Amino acid sequence: GFTLTELNTYSKYLDLYPSNSTINSYNNRILGDATGEMGPFYYYTDKDNIKRYHNSWYDDALDFVNSSYSWFGRGGCYNYGILASQFFSAGDIGTAHISVGSRLVLTPKI
């Protein structure tokens, strides 16, 4: 939902992923945004018989951003149970959710 002017103005604060990214496009990961560091990624059936992708940090569930879900939700929903902790991430539409936690991220000015 950004205009071209906004993208140019704020580009140093944004990570741009290819428009053909899908829920499992981990090959589009970027080091420094917590997608590249958390691999390799695994796809397997959980105890509830649902197949999910997992990162290699504590086996938290994760999905990549795509054109429909272009924001990363971090921390997970309570309905993910033990699969949702500080290393969970999933594509999101960027709105507030009652079931999702949040965390503040501070980065040094370079």
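Tabulated data
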| quantity | calculated |
| --- | --- |
| The range 1-25 - residue that is among the β-branched types (Val, Ile, Thr) and within 11 Å of Phe64 (Cα to Cα) and, of those, modelled with the lowest pLDDT | Ile23 |
| Top-ranked residue in the range 34-67 [being of a type outside the set (Val, Ile, Thr), under 16 Å from Tyr17 (Cα atoms) and touching a residue at least 24 places away in the same chain (Cβ under 8 Å); ranked as surrounded by the most Cβ atoms within 10 Å (Cβ to Cβ)] | Phe64 |
| Hits in the range 79-110 - residues which are loosely packed, with under 11 Cβ neighbours inside 10 Å, at pLDDT 70 or above and closer than 20 Å to Tyr58 by Cα | Asn79 |
| Complete set of residues in the range 52-87 that are aromatic (Phe, Trp, Tyr) and within 18 Å of Gly39 (Cβ to Cβ) | Tyr53, Trp57, Tyr58, Phe64, Phe72, Phe87 |
| Residues satisfying the stated conditions in the range 26-61, i.e. under 13 Å from the mean Cα position of the chain (by Cα) and either at pLDDT 85 or above or more than 26 Å from Leu14 (Cβ to Cβ) (or both) | His54 |
| Residue among Tyr69, Tyr17, Tyr10, Tyr53 that alone is more than 16 Å from Asp92 (Cβ to Cβ) and aromatic (Phe, Trp, Tyr) | Tyr10 |
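The values are calculated or read from the model by the stated rules, or taken from the named source; none is laboratory data. Since this is a predicted model, take the numbers as computed values, not measurements. Heads up, the Cβs are rebuilt from the backbone with ideal geometry, glycines too, and the neighbour counts pull from every protein chain shown.
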